[in-house]
């Protein structure tokens, strides 16, 4: 089975490490991570991940801005984005969805089911594209 | 869905509501981020995903994890109360068919009772009844009442959810067969951070669940109350105005 390539973007090093350990529970996942939106744009273009897991609050370029830049570039415009956020108000969730995120994972997240959640969002996205 | 400008998200809020919204949003982020690191790390250790732990260490990790989760619930409840207190805009009122909502709540709460063999059952005195409400908030009321009922139920007992017409509309009640509410605790039961003493002396709740229930019911134009005789269980009820016709 082809590995699922995930790019994780979060400015908090502890969260990056924990997400790395959590996703490593699924041997079918390949992970790259970075701590800011600029590196995310470069990595997304070079590595072509199947999905980007994107933090919302980051200095300089936040998650929504990073998503906007990904969508502007032809090589990355179609990559599904899942927001990981500690912001959980219904108003905020509606805003993130309106930006085109295929999913939202709220922090604190369950590390045991994180890989499954990401796979489900990617599968849902693929089924929409195929229909 | 068309992308919303961030300003559009806040257009319909007053200045006070906007300040509250930003406060909740900022506090939520600042508290949840370290809590994510703590609870996720403990969860990974507890699951054995990082190797087998000696029994004493496993027990300590388990205690730390359950307290971390309690802290998450506390943060959620405090922020939720702040939102309910300061804004009315987070409620999305619509026609809600109550029986279907109660069945969904019972289904969602069954896993809470399963470990101790506590069963949940619906006894409906009406076949269909609609209220004007926010379905998510009504579900929140039911989950708070049902989790309380499970917490205080003896093993293998039954919790009964009833729904019936009342003078003011419709009354929903949750009855458990637990120890009941001590008389000296009754006057404080809906106060914030009030908690009845648990059997083992440990506090597992936040002491905010019933306050949240009361505030949500109030926002729906309803009322809330309880009946209990020490040693004979407790019955919590809330009443909501009816939306339209009722099939008896």
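The values are calculated or read from the model by the stated rules, or taken from the named source; none is laboratory data. All figures in this text were calculated on a predicted structure; none of them were measured in a lab. Note that we place each Cβ from the backbone using ideal geometry, even for glycine, and neighbour counts take in every protein chain shown.
Listed values, structure above:
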{"read-out": "Residue among A:37, A:20 that is under 22 Å from residue A:87 (Cβ atoms) and modelled with pLDDT of 95 or more", "value": "A:37"}
{"read-out": "Output for region B:154-174, where each listed residue is in contact with a helix residue (DSSP H, G or I) (Cβ under 7 Å, 6 or more places away or on another chain) and assigned to a loop (DSSP other than H, G, I, E, B)", "value": "B:155"}
{"read-out": "Extreme residue, surrounded by the fewest Cβ atoms within 10 Å (Cβ to Cβ), among residues of region A:88-99 that are more than 7 Å from chain B (Cβ to nearest Cβ) and either out of contact with any strand residue (DSSP E or B) (no Cβ under 8 Å at 6 or more places or on another chain) or touching a residue at least 12 places away in the same chain (Cβ under 8 Å) (or both)", "value": "A:94"}
{"read-out": "Cβ-Cβ under 7 Å pairs, at least 6 apart or on other chains, region B:44-60 side within 14 Å of another protein chain (Cβ to nearest Cβ), far side part of a loop (DSSP other than H, G, I, E, B)", "value": "B:44/A:111; B:44/B:50; B:45/B:53; B:47/A:112; B:49/A:25"}
{"read-out": "Subset tally (residues that are under 19 Å from residue B:36 (Cβ atoms) and under 13 Å from the mean Cα position of the chain (by Cα)) for region A:21-35", "value": "5"}
{"read-out": "Among the residues listed as A:122, A:118, A:82, the single one being under 19 Å from residue A:24 (Cβ atoms), in contact with a helix residue (DSSP H, G or I) (Cβ under 7 Å, 6 or more places away or on another chain) and away from chain B (no Cβ under 14 Å)", "value": "A:82"}
{"read-out": "Residue match in region A:39-52 (condition: surrounded by fewer than 19 Cβ atoms within 10 Å (Cβ to Cβ) and within 14 Å of chain B (Cβ to nearest Cβ))", "value": "no"}
{"read-out": "Residue check for residue B:95: under 30 Å from residue A:25 (Cα atoms) and either more than 14 Å from every other protein chain (Cβ to nearest Cβ) or assigned to a strand (DSSP E or B) (or both)", "value": "no"}
{"read-out": "In region B:19-55, the residues that are more than 15 Å from residue A:87 (Cα to Cα), modelled with pLDDT under 90 and assigned to a helix (DSSP H, G or I)", "value": "B:19"}
